[in-house]
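Enquirer: Structure provided below as structure tokens; questions to follow.
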Amino acid sequence: MRLIERRIGLLFAAFLLCFLVIVVRAFWLQGVQGSSLASQALNQQTETVVIPGLRGALLDSGLPCPRVEKATIQGPWKNMMMWRAKCAGDPRYDYAVFVGPDASIQARYCAEMKDLKLPVCRPFSSNPPAAIRLPAAKASGR
């Protein structure tokens with residue numbers, strides 16, 4: 001009986017050791033190396049990927065959009081990010097899309113922006129957009 005208890009104790013000690021190694025490794029990666037790994041990840045992102053969600057946002061807002069021909073980010077406005085989307089077909093299908101921090105969407109015709117006292121849609125450029133600095137997110141305190 002003592003041999004079995006000893007083997008169970010050794011097995012428990014081995015599992016405990018493995019668990020501690022995993023916890024220490026996780027702490028090392030997140031606590032010590034986390035910021036350098038995050039900056040390396042940002043440097044590796046070299047291209048902007050167009051997300052086809054703008055058409056869905058426009059359709060959900062009740063605005064017509066057969067197909068998005070051009071889309072670009074215009075920049076931050078208040079607590080939202082402003083995008084511009086040009087849809088195929090009618091030249092009136094030119095929209096400003098505001099995306100809130102909670103992923104809420106508001107879409108407006110670009111022609112109405114000045115009357116609504118909102119930022120005017122800027123023309124599309126053949127150059128890639130400049131980097132936009134967003135305010136840093138507050139720590140969640142976890």
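Every number in this text was worked out from the coordinates using simple rules, so none of it is lab data. Only a predicted model underlies this, so the values are computations on that prediction, with no experimental measurement involved. No Cβ is skipped: glycine too gets one built from the backbone with ideal geometry, and neighbour counts run over all protein chains shown.
Enquirer: Work out the FRET efficiency for ASP102 and VAL21 from their Cβ-Cβ distance, taking R0 = 41 Å, and round it to the nearest 0.05.
Expert: It comes to 0.55.
Enquirer: Here is a further query. How about LYS117: which aspartates and glutamates have a C-alpha closer than 18 Å to its C-alpha, ignoring those fewer than 8 places off in the same chain?
Expert: ASP94
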